[in-house]
Amino acid sequence: MEPLLLKRIQIPGSETLAVYLREGGYQALRKALEMAPDQVLEEVKRSGLRGRGGAGFPTGMKWGFTSKDPKRPKYLLCNADEGEPGTFKDRPLLEKDPHALIEGMVISAHAIGAEYGYIYLRAEYPYASQVLERALAEAYEQGFLGGNILGKGLHFDLHLHMGAGAYICGEETALIESIEGKRGEPRIKPPFPANVGVFGMPTVVNNVETLVCVPLIIERGADWFAAVGPKESPGPKIFSLSGHVVRPGNYELPMGTPIRALMYDCGGGIPQGRRLKAVIPGGPSTPVLTEAHLDVGLDFGSIQAAGSMLGCGAVIVMDETTCMVRVAHRLLKFFHHESCGKCTPCREGTGWLEQVLDRIEEGRGRMEDLDLLLDVSDNIRGKTVCALADGAVSPVTGTLKYFREEYEAHIRGGRCPFRGKVSG
Amino acid sequence: MNQEVPTKTVTFSETMLRQVEEVCQRYPTRMATLLPVLHLAQEEHGWLSGEVLDAVADLLGLPRAHVRSTASFYLFFRTTPQGRHLIMLCDNLTCMLHGAESLLEYLSRKLDIPKGGTTPDGRFTLIPMECIGGCDTPPAMLVDKDFHGNLTPELVDEILKKYA
Ligand SMILES: Cc1cc2nc3c(=O)[nH]c(=O)nc-3n(C[C@H](O)[C@H](O)[C@H](O)COP(=O)(O)O)c2cc1C
Ligand code: SF4
Ligand code: FES
């Protein structure tokens, strides 16, 4: 399949309005503005598009939940916080194709009746912020944003909002709190943002890649989109491939492409003829898979059936030299650091997991620690306000499921068997 | 005899105040302007001292406690003095698999500061980071607003020469 989401990023000047227009940009918006909002919504529903930010929620359905109360202004927020380690798929879109995102947002705003929008961009992407500021100014100048868009009476104001380095602000209600000028602590749901979101108003939060899919759906039609990849999770998808592969990078493939094809055909396989040990299929919030899963398709349903999750499509490859205890320890350090601290099981539990993993990695572990790890994980999962905590136990439960003997070797030998041999 | 301790009064430049006005146009509430205004204040003052935070609170008419508590939540808002240049090196998973930890040790030795520390000449602050979205070119770092990937000790030496 030829790249569509990433088709413009190699073109010099792709981030400018002039090049975007030359390449056929904003034509989908013209088409969408000839359609009634409900027709646009229906088209996105029929396309089967599911959110690319991690949870995979059907986009059309989410839009459909938005309050219809005409007296309350609606907000559309773009989640450009991209903080899941191993994920860098939104970055080329933000840096090289900002108008595709703006066009996607205007079309989406038309569908849900949103008058105001913000792009919540992580502070770690300062270059993208420059590009977006310029693109937004151009779009205002040329009448693609603001009042009476393209003379069709649509009003949509869109601004950039810079985050400040907190992974949790990628969680949609934390993102909302952060835009409101507060600490990024997730809200208890319900109420859902569709009814009570930012500034108390009905709000839709969508990922960058999700929004960039929207012009494609309008341009080529829902049927076309729905026919790419598996029926229950269709469409093109950008996979961020990293770790022990010859050619790491972003690869756009149809949903359902086997892990093997991404890793070997695109990524060139593992360097130095080493063997594969483990693959994280959807970012560290998703449990590891192994060589036995290489023929599993990269789509929401197939990865779930294999015991993990597609997440945002961040595929991290680890070869045989990698110590799984060290991996789990590093990731728990991350989750502990990023826990907002609101829920005790998450705040304390991730710290305990980090400590126990640290002592096993340092050769000071006990066999009982393995049950303790699972026990603490059980007491975290499903007992918190947001899904950070559910993701945080994945590195522990996933590695223990497939690599328990590595943990035992650490404990029995009183040292890390990979020390000195690890590639990093 | 009581002598008044002169308190350092924090002022913001005309340019920044104009930018703040613009920011205020973009949000329906005063509170929502806080993050953008903290970014502006930090650009201007280098870091966010208690005095700067209080001045921001007063400027926006927000409770000082809210401003301090909010600023302390975010890694990019620096509430201690910083070097002129921030070296933000990622040591999360993919970068770790490609030697980020030893690179961090190398930098710490080279600059003779602990992680999080600032060189005595005030030139650099060394900050270990979570993933910065450069996992296709690991290990990766940001120096201030510039991204650098595929780092080696030699390359880091070269790069740092550019930051006086
Ligand atoms: C801890 C945590 C971090 C998240 N980080 C991101 C993120 O960086 N980017 C993103 O798009 N979604 C992130 N999400 C998912 C969002 O909550 C939300 O589901 C998503 O933005 C919805 O957009 P979509 O339906 O288009 O995927 C995160 C969720 C959690 C629990
Ligand atoms: S689960 Fe963790 S990150 Fe989420 S709200 Fe609770 S403490 Fe905060
Ligand atoms: S893990 Fe280092 S940039 Fe992503």
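The values are calculated or read from the model by the stated rules, or taken from the named source; none is laboratory data. Since the structure is predicted, the reported quantities are computational estimates derived from the model, not experimental observations. So basically every Cβ, Gly included, is an ideal-geometry build from the backbone, and we count neighbours across all protein chains shown. Just the protein is used for accessible areas: all its heavy atoms, side chains included, with ligands, DNA and RNA removed. Shrake-Rupley method; radii C 1.70, N 1.55, O 1.52, S 1.80 Å.
In the condition set (1) within 14 Å of chain B (Cβ to nearest Cβ); (2) outside any helix (DSSP H, G or I), residue A:143 is compliant with all but (1).
For region A:322-332, which positions are open to solvent by 20 Å² or more (accessible area, probe 1.4 Å) and either under 20 Å from the mean Cα position of the chain (by Cα) or more than 9 Å from chain B (Cβ to nearest Cβ) (or both)? First the steps, then the outcome.
Just the residues of region A:322-332 that are open to solvent by 20 Å² or more (accessible area, probe 1.4 Å), to begin with: A:326, A:329.
A:329 - this is the single residue of region A:322-332 that is open to solvent by 20 Å² or more (accessible area, probe 1.4 Å) and either under 20 Å from the mean Cα position of the chain (by Cα) or more than 9 Å from chain B (Cβ to nearest Cβ) (or both).
Please enumerate the residues belonging to region A:341-363 that are open to solvent by 20 Å² or more (accessible area, probe 1.4 Å), without any contact (Cβ under 8 Å) to a residue 40 or more places away in the chain and more than 16 Å from ligand 1 (Cβ to nearest atom). Selection gives A:344, A:348, A:352, A:354, A:355, A:358, A:359.
Looking at region A:162-204 only, could you name the residues that are hydroxyl-bearing (Ser, Thr, Tyr), touching a residue at least 60 places away in the same chain (Cβ under 8 Å) and more than 18 Å from residue A:390 (Cβ to Cβ)? Don't jump to the end; show me each part of the working.
Start the filter on region A:162-204 by keeping residues that are hydroxyl-bearing (Ser, Thr, Tyr), which leaves A:167, A:173, A:178, A:203.
Of the ones still in play, those that are also touching a residue at least 60 places away in the same chain (Cβ under 8 Å) are A:167, A:173, A:203.
Result: A:203, single match.
Considering region B:49-164, the qualifying helices (runs of 4 or more DSSP H), each wholly inside and each with 1 or more residues that are open to solvent by 30 Å² or more (accessible area, probe 1.4 Å), run over B:50-60, B:64-73, B:100-111, B:153-161.
Among the residues of region A:51-94 satisfying the criterion of being of a type in the set (S, T, N, Q) and touching a Leu at 6+ places or on another chain (Cβ under 8 Å), which is farthest from ligand 1 (Cβ to nearest atom)?
Filtering region A:51-94 for residues of a type in the set (S, T, N, Q) gives A:59, A:66-67, A:79, A:87.
Checking the rest, the ones that are also touching a Leu at 6+ places or on another chain (Cβ under 8 Å) come to A:59, A:79.
On the way: A:59: 6, A:79: 4 Å.
Per the criteria, the residue is A:59.
Looking at (1) within 19 Å of residue A:134 (Cα to Cα); (2) touching a residue at least 24 places away in the same chain (Cβ under 8 Å); (3) out of contact with any Pro (no Cβ under 8 Å at 6 or more places or on another chain), which one does residue A:9 not meet, given that it meets all the others? The one condition residue A:9 does not meet is (3). Which of the residues belonging to region A:124-161 are closer than 13 Å to residue A:94 by Cα and either away from ligand 3 (no atom under 16 Å from the Cβ) or of a type in the set (Gly, Ala, Ser) (or both)? Listed by number, the residues that qualify are A:128, A:129, A:130, A:131, A:132, A:133, A:134, A:135, A:136, A:160. Residues in region A:312-321 that are outside any strand (DSSP E or B) and more than 13 Å from ligand 1 (Cβ to nearest atom) were compared, and the one that is most open to solvent (accessible area, probe 1.4 Å) is A:320. Against the definition (loosely packed, with under 14 Cβ neighbours inside 10 Å and either among the aliphatic types (A, V, I, L, M) or within 16 Å of ligand 1 (Cβ to nearest atom) (or both)), how does residue A:35 come out, yes or no? It is false that residue A:35 is loosely packed, with under 14 Cβ neighbours inside 10 Å and either among the aliphatic types (A, V, I, L, M) or within 16 Å of ligand 1 (Cβ to nearest atom) (or both). One residue alone among A:256, A:269 is at positive phi, more than 12 Å from every other protein chain (Cβ to nearest Cβ), touching an Asp or Glu at 6+ places or on another chain (Cβ under 8 Å) and not in a helix (DSSP H, G or I), and that residue is A:256. Among the criteria (1) within 18 Å of residue A:66 (Cβ to Cβ); (2) part of a loop (DSSP other than H, G, I, E, B); (3) open to solvent by 20 Å² or more (accessible area, probe 1.4 Å), the one residue A:199 does not fulfil is (2).
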